[in-house]
Amino acid sequence: MKKITLFEPLFQELRIRKILPYLKKDSVLVDIGCDQPQVFIDRIKDDMKACIGIDCVVSRYSYGNVRILCQDLQKKIDFPSQSADIVTMMAVLEHMKHPKDIVRECFRILKKGGMLLITVPSPSSKPLLDLFAKVGLVRKEMIEQHENYFTEERLRKVMKNVGFQKVNVQMFEFGFNTFCKAVK
């Protein structure tokens, strides 16, 4: 059972609220790093055609229009090409050893015109997250797993380099988080 800390539900809610306005009803949505329980998917599933959650820390199962898949996500996503309308990654890309590879995989599974919606902590958040982890306000092991912190410029460059045509990157949460919407 994972330990819930004081700030994590708040941070998760802020990320979800950032993503929600971009969702389109009756879409096929793939949430990379969905975690368990899959709070985001459970919140939006009634408005989606299908919700697929993929993570390395989940048990595989299905219910209604939801499928949860267990996969190692460092380089590949075992999912058909051009089959998703929306791919989300909230507080996930910073954990990837090969972020460009996983973004390329997101591009591959998106249909033409599909959207990739990402949130990542900005470099300026690192000292604060380290402090929060030290005092137990966020899970220390999660912060220690961060492989990357993305500037707006670096995130935009990764998106463009894998083929996304329209890329919008902006800071939120007082500059401690970065949001990216990339359209195929």
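The table below lists the values:
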{"quantity": "Residue match in the range 147-165 (condition: aromatic (Phe, Trp, Tyr), under 24 Å from residue 28 (Cα atoms), surrounded by fewer than 21 Cβ atoms within 10 Å (Cβ to Cβ) and in contact with a strand residue (DSSP E or B) (Cβ under 9 Å, 6 or more places away or on another chain))", "calculated": "no"}
{"quantity": "Residue ID - nearest to residue 104 (Cα to Cα), chosen from residues in the range 154-169 that are part of a helix (DSSP H, G or I) and among the basic types (Lys, Arg)", "calculated": "160"}
{"quantity": "Test: residue 137 is at pLDDT below 95 and in contact with a strand residue (DSSP E or B) (Cβ under 7 Å, 6 or more places away or on another chain)", "calculated": "no"}
{"quantity": "Those residues of the range 112-133 which are modelled with pLDDT of 95 or more and either closer than 19 Å to residue 161 by Cβ or over 18 Å from the mean Cα position of the chain (by Cα) (or both), in sequence order", "calculated": "112, 113, 114, 115, 116, 117, 118, 120"}
{"quantity": "Pair list, Cβ under 6 Å, 6 or more apart: the range 159-182 residue closer than 14 Å to residue 119 by Cα and touching a residue at least 60 places away in the same chain (Cβ under 8 Å), other residue surrounded by fewer than 17 Cβ atoms within 10 Å (Cβ to Cβ) and among the basic types (Lys, Arg)", "calculated": "none"}
{"quantity": "Matching residues in the range 32-61 - criterion: being at pLDDT 95 or above and over 20 Å from residue 13 (Cβ atoms)", "calculated": "49, 50, 52, 54"}
{"quantity": "One residue from 31, 55, 26, 46 being without any contact (Cβ under 8 Å) to a residue 24 or more places away in the chain and closer than 18 Å to residue 103 by Cα", "calculated": "55"}
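So that you can scan it fast, the table gives a plain yes or no per residue for (1) hydroxyl-bearing (Ser, Thr, Tyr); (2) surrounded by fewer than 19 Cβ atoms within 10 Å (Cβ to Cβ); (3) in a strand (DSSP E or B); (4) touching a strand residue (DSSP E or B) at 6+ places or on another chain (Cβ under 8 Å):
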| position | (1), (2), (3), (4) |
| --- | --- |
| 19 | no, no, no, yes |
| 25 | no, yes, no, no |
| 40 | no, no, no, yes |
| 52 | no, no, yes, yes |
| 59 | yes, yes, no, yes |
| 76 | no, yes, no, no |
| 81 | yes, yes, no, no |
| 89 | no, no, yes, yes |
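The values are calculated or read from the model by the stated rules, or taken from the named source; none is laboratory data. Predicted, not measured: the structure shown is a model, and the values here were computed from it. In this analysis, Cβ positions are derived from the backbone assuming ideal geometry, glycine residues included, and neighbour counts consider all displayed protein chains.
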